[in-house]
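One structure is given here, and the rest of the page talks about it.
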Amino acid sequence: MSKKTKLQAPTGMHDILPEDQKYYKRIYDVVSDIADFYGFSKIDTPIVEDLELFSKGIGASTDVIKKEMYTLKTKGGDLLGLRPEWTTPIVRSYIQNGMQSLPQPLKLWYFGPCYRYERPQADRYRQFWQFGFEVFGEQSSVIDAQVIQIFYNILKELKLKDLMIEINSIGDSNCRPYYKKLLSNYLKSRESSLCVDCKRRIKENVLRILDCKEEKCQPIKTEAPQILDHLCEECHSHFKEVLEFLDEIEVPYTLNPYLVRGLDYYTKTVFEMFFESDNEVKGLPAGRRALAGGGRYDKLVKLIGGKDVPACGAAAGVERIISLMKAQGIEGAKDPEIQIFLAQLGGLAKRKSLSLLEDFRKSKIRVGESFGRDSLKAQLNRADKLGAKLTLILGQKEALDGVVIIRNMKTGNQETVKLDKAVSAVKAKLKK
Ligand SMILES: [Zn+2]
Ligand SMILES: [Zn+2]
């Protein structure tokens, strides 16, 4: 590489700079509080897994596997994939670590980066962060409603406005094969009018035609048979119960018969939470932006080699949420406020300040300092800027006498105390 080449982050990937960390922190804090409240335990998995896990779990014909997965071959010859989502790795871990034999339901949550090789665009990155919740070993529709409620609560807690929820049922192995046949028969009769991708999807992944965004496919979709009319009795009553629970806890939703989600493993309930705007909002282009989505996946654990365990979960995109927070003027986590400022003048004072700083740290008093600066005036300005209530001034003379000046920044009153009494004197003044 020539010396002139400017090294940059890989295309579609970004650094999370200090000014953005506070958004990640705010979201993390809200998510982990809610996870604690609802009894979820945190899990982390490696960012790479056996390629086979993903193609088995997500479905070899999905866009995620065919186009978007980052793959690599290790020196030992193993084929690995960078995780494009968390659910399949968590299912793998659930099976591998014997979590099937623990008391169920087993509830897990996560927060971390995923990778997809997509065309980079506004708030769509090739490395992006997700958080999510998974519940294993519970058949009941109450869990579907609770997962939706958790995501709704998180986005509400973050103060996001104008959120919408869409929900659908895509049936199970009882009723979906029949519906898929019905749908593909219908679509084959209109095949010539479908877009190129959809022509391929008829054979590979017929349900995905329902969420095709191409203009020419829209009229065909509208006329297509709808899954809700063809659910078996069990799927039908499960879905009805989910909606009744959501009514009960006052989570607003609309039915969207075209919502199928991109991944093969879903059964019964699927949902999506999004923000939609007709106009550009502070840098966010007009249109629909999905913030979270998920559903039930009763067959996935068995598909990956575990027992027949029902499961339900969802994930949210952290960068999408952050760009909406910014567009809606919502702030990230606040920096901790400093209480006092430590100003020093001269070599001896600087040395004594270092150990004084440690005394305050042990007493859990947050101290600001700028040891690199030597001008007292500059240090007092800094103290003002940081909003310190008190400033401790340690000059050459004070250092020699073993005392320190405590200055009240509001009134300008000053008091001189012995160095070994500084912490207790500050504590007393902060209490006032
Ligand atoms: Zn299409
Ligand atoms: Zn069914």
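The values are calculated or read from the model by the stated rules, or taken from the named source; none is laboratory data. Bear in mind that the values here come from a model prediction, so they are computed numbers and not experimental data. Note: ideal-geometry Cβ built from the backbone for every residue, glycine included; neighbour counts use all protein chains shown. Heads up: the accessible areas ignore ligands, DNA and RNA and are worked out on the full protein's heavy atoms, side chains in. Shrake-Rupley method; radii C 1.70, N 1.55, O 1.52, S 1.80 Å.
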*What are the ³J(HN,Hα) values, in whole Hz, obtained from phi via the Karplus relation 6.51 cos²θ - 1.76 cosθ + 1.60 with θ = phi - 60°, for each residue of the range 73-88 in sequence order, with x given for Gly and Pro?*
10, 6, 4, x, x, 6, 9, 10, x, 6, 4, x, 6, 9, 5, 4
*Peptides 365-374, 97-106: what's the order by average Cβ count within 10 Å, highest mean first?*
365-374, 97-106
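Calculate the all-directions average of the projected area of the range 42-95's alpha-carbon convex hull, and give it in nm². Write out the running numbers ahead of the final one.
Numbers: hull surface 15.4 nm².
Taking a quarter of the hull surface, the average projection is 3.8 nm².
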*Ignoring any ligand, DNA or RNA, what whole percent of the accessible area of the chain comes from carbon and sulfur when the probe is 1.4 angstrom?*
50
*Rounded to the nearest 0.05, what FRET efficiency is calculated for L357 and D33 with R0 set to 30 Å and r the Cβ-Cβ distance?*
0.40
_Segment E337-T416, length gained on full extension (0.36 nm per residue, minus Cα span)_ = 26.0 nm
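Within 10 Å of each candidate Cβ there may be at most 15 other Cβ atoms; applying that plus a DSSP loop requirement, which trypsin sites (Lys or Arg not before Pro) in the range 236-339 survive?
When the trypsin sites (Lys or Arg not before Pro) of the range 236-339 are filtered for loop state and at most 15 Cβ neighbours within 10 Å, K282, K307, K334 remain.
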*Beta carbons within 10 angstrom, averaged per residue: use that to sort the peptides 82-88, 36-42, highest first.*
82-88, 36-42
*Options L386, Y297, I150, ranked by Cα towards positive dipole end of the chain, top entry (Cβ charges)*: L386
_Simple Cβ-charge dipole of the range 44-109, Lys/Arg +1 and Asp/Glu -1, about Cα centre, in debye nearest 20_ = 40
*Please state the charge dipole magnitude for the range 22-160, taken about the Cα centre, from unit charges on C-beta atoms (+1 on K and R, -1 on D and E), reported in debye and rounded to the nearest 20.*
520
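In the chain, what percentage of the DSSP-assigned beta bridges are antiparallel, given to the nearest 5?
Restricted to the chain, the bridges split so that about 80 percent are antiparallel.
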_Quick check on the chain: helices-only [θ] at 222 nm, where DSSP H runs of length 4 and up contribute -39,500 (n - 2.57) each and the sum goes over total residues. Nearest 500, please._
-11000 deg cm²/dmol
*Dipole size in debye (nearest 20) for the range 140-241 around its Cα centre, Lys and Arg Cβ +1, Asp and Glu Cβ -1?*
480
*Helix 18-37 vs. the chain, principal-axis angle (Cα, 0 to 90°, nearest 10)*: 70
*Separation between the V423 and Q139 pseudo-spin-labels, each 7 Å from Cα along Cα→Cβ, expressed in nm?*
6.1
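Before I look further, what does the range 335-432 give for accessible area per residue, probe 1.4 Å, in whole square angstrom?
Heavy-atom accessible area per residue stands at 61 Å².
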*Kindly write out, for the range 161-171 in residue order, the coupling ³J(HN,Hα) from the Karplus curve 6.51 cos²θ - 1.76 cosθ + 1.60 (θ = phi - 60°), rounded to whole Hz, with x marking Gly and Pro.*
10, 6, 8, 10, 10, 10, 9, 7, 10, 10, x
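Starting from the exponent 0.38 and prefactor 2.2 Å, build the expected Rg for the chain from its residue count and divide its actual Cα Rg by it.
Values: Rg = 28.5 Å, N = 432, 2.2 N^0.38 = 22.1 Å.
Rg over 2.2 N^0.38 Å, computed on Cα atoms: 1.29.
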